[in-house]
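The values are calculated or read from the model by the stated rules, or taken from the named source; none is laboratory data. This one's a predicted model, so the numbers in the text were calculated from it and none came from an experiment. Quick reminder, even Gly has a Cβ in these numbers, built from the backbone with ideal geometry, and neighbours come from all protein chains shown. Accessible surface areas use protein heavy atoms only, side chains included; no ligands, DNA or RNA. Shrake-Rupley method; radii C 1.70, N 1.55, O 1.52, S 1.80 Å.
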Amino acid sequence: HHTQYNCGYEFSKDKRYAESEVVLREIGDPHVQGPANTFIYAVVLYNLNRCPEAMELIQEAYKVVEVKQRTDQGPRAEKLNRAHSNLKIAESYCIDDFAEKGKVVWEAVQIDKTNGFAIQQAQGMMEQFNKMQEVMKHQQMMMQGGSMNRF
């Protein structure tokens, strides 16, 4: 399974998503190898425009994480937090509403505050938000200036 994961991951890095999906399909189920593999498989499904399937797997992976968190402790529990956080990021990819997407990304960071990937995604969203605010501010100024010129 580890070799399959590595192969699928490399395909996905090269944007060879169809090939990655075939390789990861068997281990993408959170019951096979755990929820960590589900994350990369869900991202591949997202890139193949198959969000409904990705979301279904992510929801199932959340259940696996919840069950495992009741029994796992120490480093294994930390790995579960990372997997949970990464799953939140994968979930956010399939959310169109910017505010809802931001909420899910924020949850990912809160679940694992050491997850550099989640932090990077949150920072990217903040940059997008700031750009959106600048555009809206500019549009308001243009509208105000345009209405003043009429008088």
**OP:** Could you tell me the largest-minus-smallest coordinate of the C-alpha atoms of the range 73-120 on each of the three principal axes, in descending order and whole angstroms?
**Re:** 36, 15, 13
**OP:** Report the FRET efficiency, 1/(1 + (r/R0)^6), for M136 and E10, where r is their Cβ-Cβ distance and R0 is 41 Å, rounded to 0.05.
**Re:** 0.50
Subject >> P(r) weight above 27 Å for the chain, C-alpha pairs, percent >> reply: 32
**OP:** May I ask you to give the solvent-accessible area per residue for the chain, in square angstrom, as obtained with a 1.4 angstrom probe?
**Re:** 65
**OP:** Take the cross-link list K79/K101; K88/K113; K79/K113; K13/K101 and give me the ones stretching past 18 Å between alpha-carbons.
**Re:** K79/K101; K13/K101
Original post:
Expressed as a whole percentage, what fraction of the accessible surface of the range 1-86 belongs to carbon and sulfur atoms when a 1.4 Å probe is rolled over the protein heavy atoms?
Top reply: 50
Original post:
What is the helix-to-structure angle for 75-93, meaning the angle in degrees between its Cα long axis and the longest Cα principal axis of the chain, kept from 0 to 90 and rounded to the nearest 10?
Top reply: 40
Subject >> Karplus-derived 3J(HN,Hα), 6.51/-1.76/1.60, for each residue of the range 118-130, Hz, glycine and proline x >> reply: 5, 4, 4, 5, 5, 5, x, 5, 5, 4, 4, 4, 4
